[in-house]
Each structure stands twice: as structure tokens, then as C-alpha cells.
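First, the structure itself, so that you have it in front of you.
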Amino acid sequence: MTEQRFVHAQWSSRLAFILAASGSAIGLGNIWKFPYLAGDNGGGAFVLVYLLCVVAIGIPIMIAETMLGRRGRQSPINTMRTLAGEAKASSLWRYAGWLGVIAGFMILSYYSVIAGWAMAYFFKINSALFEHIDAANSTRLFEYFKSSPEFLGIWHTLFMVATMFVVSRGVSGGLERLSRFMMPALLLVLLILDVYAMNSGGFGRGMAFLFNPDFSKLTGEGVLVALGQAFFSLGLGMGSIMVYGSYLPPDVSIARSSLLVTAADTLVALLAGIAIFPLVFANGLSPSMGPGLIFETLPIAFGQMPGGWLFGMLFFALIFFAAITSAVALIEPAVAFLSENQGMNREKACLYSGVGCWLLGLGTVFSFNIWSEVKWLGKTVYEWVDMLTAEIMLPVGGVLIAIFASWVMTRADSEAELKLHDPRHYQAWLILVRYVAPIGVALIFLDALGVI
Ligand code: PFF
């Protein structure tokens, strides 16, 4: 029954696909991760490289991934297997699907911990602790929360339960309703925070940090982080857009939808950066304080603005919704695989993958407290999971998708699936996925390794 439903279900409209795909793209990556990575990697030059990666590599791969999904109409592993068969290519391609299933699973394990922080802040932000809070106290409070494995563990558990509940209800009911109202509201709240930041006294410095590229501050590793963030933020390279593409009706333009989703995703990330960095500078904080950045800076704004507690609650509620629509996308490839290939019903598939993710997530929970000194090659468990997924698995998965779509799949098939009216657009896409994306990613890898 599950398989039937999976193969036949389709999005009710183009809008539903766009909302769900932007629901997947817009999440903690935009609001939590982009600002902290930009802060850690020197600001402007990182942002510029990030934007370049989004345009030259991200958009073409998003088009490719959606296209493969619509053509294969199954979970990523089965889609890759079917399409490889169709193109008479090696069945080893299914491992590209596998890579994605594992990457999504690993990402969700820590994603859930961070989303748990946002949930906790939703409940805490209206307490007296945050009233007129200054930078020192905000930092102290965050450190205090972070130091408790029980505290982080409980919120991680709650977020995983919420995610698996939504996933177990299936694609159309669970997702479409969630993403419809969340995005405009999130945009509005970010804009209001931007206006607040403009008057915070640190706007000039914040903007200069974010948009004035200083390449002396960007390392080879920083370039790789920017590339990984482009994949992460757009939700690419692991088959979740492929799953969404598999529900897409044949008459919807993949290219146009991808452009829209990318534009929305990039806008939200930039708006988040514009809200945060002025506050960082106005309050004498350091931009490179790592994963705690938004949790330490934004409460200062909420604590000072009139009615800030209410606004803060709204903000963290929206982050929660943004995170859960991404979380659903992260685990969908694993759930789809378990239900299609292992004959599990959807509920059972959810339970197994949810429990697995939760367990792995404990590694991240502990990375911020009792295991903070447990490091291998200088990295904590959280840092390893993050680095392996965002900097290696997603870019490799993305390049495999690009290669498959442009070298393995026949030109006739991809042309028929993309239905671009202008042949020059098709040609441009083909050059980007055939050459620019694989060569670009390879060069960035070599650069980060110090080979070039
Ligand atoms: N794009 C999401 C974010 O920016 O928070 C995270 C994500 C979702 C990554 C789905 C990968 C994915 F397949």
C-alpha cells in the first residue's frame, strides 16, 4: 500500500512543490548556520564565494536533482537504480542514492539538537532572565543551557518526536499545510529584525563585515565550507529534492521552480546575516563565536525592544517550523527507502529512522558538554558529523547527480524532462552540470587539502 501511495502521489500544484522545496531549503541552515559560518570564516569573502557556489553549482544541480526525481518517481536509491538501468549504466549508481540516505540521517541527528535549542528559547525568551539582557549575560545563559546534557537531550528528543510525527503522516497532508504560512511570516519577522539592526548602532560595521570581501581572511578550508553550505542550505546532494521531484507533475517547469526556491533561500540567509552582524558589533560580541551566535546575539535585541519577548517567541516558533519542514526532507529519503525496499509500513520506517537519528544525536548533545574535550584530530563528534556531511557527502552526492544527469542520462531524456523553451538555456545548464560543477567541486577539494 505504501509503495502504491508513493509511486502515485503527486503534488497538487506547482505552488505546493515550491512551498515544500523551499520548506526543505529554508531552515536552520539559513538562520543559524549561515551567519555563524560567515562569522567564523571572516565575513564578506566567504559570503561572496558562497553566493558564487549557489549560482554556478547549486542552481544547476538543483535542476538536475529535481529532474532525476521526476523521471525516476521513487526513493533516491531506487530512482538511481531505475534510471541507471534505463541508460544502460552501471547499477553501482544506486550507491549515490545510498550516500544521500546516510547523509540526511546524519545531518538530522545534529539538526534536531540545534532545533531543540530554538524550541527551548521559545519557552525561555519571555522569562525575566532575558529582560534587558546584555551581551555578557546572554552569553552566560547560553553557556549554561549548553552545559546540561539533560537539557539539550530533552529538547532534542521533543524535536525528533515532532519530526517523526509529521513524517509518519505522509507527504501531502504533513508538508503542504506546514509550509504555506510559515515562509511569509518568517520573512516578515526577519525584515523587522533587520530594521531593528539598522538602528542598533552597529549597522555599518555589520554590513561591512558581511559584504566587504577581504580575501586575506578566507582559507582553502573556508572556501570548502562555503561550498558545503551552498549544498546544505539549498538542501542538495542527498536526494531529498529528488524525492520531492518525484511528486512533481510533468507540466511544471523545473528550472523556474528551482530558481524561485534558490532566490527565496538566499534571501532568507542574507536577511538573517543582516539582522545579526550589526547586533554583534553594536554589543561588542565576536562574530566568530561559533554555533551559539544567534542564540547569544538575538536575545539581546528581544530583551531590549518593546514587546520583545512576544516577538522573540514568534521568531523562535518560526525557526521551529522552518526547521521541521527541513527535518522532514532530511529523513524522507531514509523513510522512503525503508518503506519501498524493506517492506516496512511508513510508521515503522519512521520509528526506526527516528530512533536511529535520536541515538546518533546524543553524540552532538554531549559534544557541547561532557564530551566537549573528546576530540579526534581536533574535532568533536558534532564537528565530525557536520564536516563529513556538509563538506564531503553533500558535495560528492551533488557532483554524482550532476555527472549522472549530464553524462549518463541521454540528452534526449534530459531535454524532454526539462522542457526548456530556449535551447540556449538548456545548453547553459548542460555546461554547468557537465563541467563547471564537477571541476569546481574538485578544485575546491584540492584547494582545501592544500594540493593546489
Ligand atoms: N536546507 C536545510 C537548511 O538550510 O536548514 C537543511 C537541509 C535540508 C539540508 C534538506 C539537506 C536537505 F536535504
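The values are calculated or read from the model by the stated rules, or taken from the named source; none is laboratory data. Just so we're clear, the structure is a prediction, and the values are computed from it rather than from any experiment. Glycine also receives a Cβ, built like all others from the backbone with ideal geometry; neighbour counts cover every protein chain displayed. Remember, those area values only see protein heavy atoms, side chains included, never the ligands or the DNA or RNA. Shrake-Rupley method; radii C 1.70, N 1.55, O 1.52, S 1.80 Å.
Please work out which one of (1) surrounded by 21 or more Cβ atoms within 10 Å (Cβ to Cβ); (2) more than 13 Å from the chain's Cα centre (by Cα); (3) modelled with pLDDT under 95 is the condition VAL252 fails and give its number.
It fails just one condition, (1).
Looking at (1) within 13 Å of the ligand (Cβ to nearest atom); (2) open to solvent by less than 20 Å² (accessible area, probe 1.4 Å), which is the only condition ALA264 fails?
Answer for ALA264: the failing condition is (2).
Here is a follow-up. Taking the condition of being buried (at least 16 other Cβ atoms within 10 Å of the Cβ) and not in a helix (DSSP H, G or I), how many residues in the stretch 330-359 meet it?
Residues in the stretch 330-359 being buried (at least 16 other Cβ atoms within 10 Å of the Cβ) and not in a helix (DSSP H, G or I): 1 in total.
So, one more: Working carefully through the options PHE130, PHE142, find the one that is at pLDDT 95 or above and either within 16 Å of the ligand (Cβ to nearest atom) or at negative phi (or both).
The unique qualifying residue is PHE142.
Evaluate the stretch 376-391: report whether one residue or more is part of a strand (DSSP E or B), open to solvent by less than 60 Å² (accessible area, probe 1.4 Å) and more than 16 Å from the ligand (Cβ to nearest atom).
yes
Among the listed residues ALA45, ALA96, ALA20, identify the single one that is farther than 19 Å from LEU418 by Cα and either modelled with pLDDT of 95 or more or over 22 Å from the mean Cα position of the chain (by Cα) (or both).
Criteria check complete, one pass: ALA45.
Residues in the stretch 291-303: is at least one in contact with a helix residue (DSSP H, G or I) (Cβ under 6 Å, 6 or more places away or on another chain), under 18 Å from VAL161 (Cα atoms) and either more than 13 Å from the ligand (Cβ to nearest atom) or polar (S, T, N, Q) (or both)?
no
May I ask you to list the residues in the stretch 392-424 that are among the aliphatic types (A, V, I, L, M) and over 28 Å from the mean Cα position of the chain (by Cα)?
Those that are among the aliphatic types (A, V, I, L, M) and over 28 Å from the mean Cα position of the chain (by Cα): ALA412, ALA416.
A quick yes/no check of all residues on (1) among the β-branched types (Val, Ile, Thr); (2) more than 16 Å from the ligand (Cβ to nearest atom):
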{"position": "TRP32", "(1), (2)": "no, no"}
{"position": "LEU37", "(1), (2)": "no, no"}
{"position": "MET67", "(1), (2)": "no, yes"}
{"position": "GLU86", "(1), (2)": "no, yes"}
{"position": "ALA103", "(1), (2)": "no, no"}
{"position": "ILE107", "(1), (2)": "yes, no"}
{"position": "TYR111", "(1), (2)": "no, no"}
